[in-house]
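Data block below; observations after.
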Amino acid sequence: MNKDSALSIASLLIYIVLLYTLVTGASYGVLNILVIAAMLLFAALGIFFGRRAPVGFARWTLLILNIIAIVVTILLVAFGFGISES
């Protein structure tokens with residue numbers, strides 16, 4: 001495992017921790033928007049580092065997981081603001 005794969009996994013794990021804190025009901029008040037922005041940032045960093053990883057099964061797994069992370073974050077924001085419920 002090279003450095004880029006490790007950084008992609010680390011950013012995915014940070015994303016999972018942030019998602020878990022939001023799902024369990026931890027409220028940061030006004031800083032919730034910063035937490036959601038950090039979630040998008042870490043997922044995007046995971047895609048960036050996963051894209052630089054060597055070609056193989058791990059690369060594509062990391063890319064797919066980080067893309068799913070971005071989609072989940074967008075859906076959470078959409079449901080949070082009531083956009084998708086109409």
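When shorter helices are ignored and each DSSP H run of at least 4 residues is given -39500 (n - 2.57), the per-residue value for the chain at 222 nm works out to -27000 deg cm²/dmol. In the chain, the C-alpha radius of gyration followed by the widest Cα-Cα span (Dmax) gives 13.9, 45 angstrom.
Taking the Cβ of residue 51 as the center, what net charge do the other residues with Cβ under 11 Å away carry, scoring Lys and Arg +1 and Asp and Glu -1? Within the 11 Å Cβ shell, the charges total +1.
We did not get these values from a lab; they are worked out from the coordinates using the rules stated. Worth saying up front: this structure is predicted, and the values here are computed from it rather than measured. Note: ideal-geometry Cβ built from the backbone for every residue, glycine included; neighbour counts use all protein chains shown.
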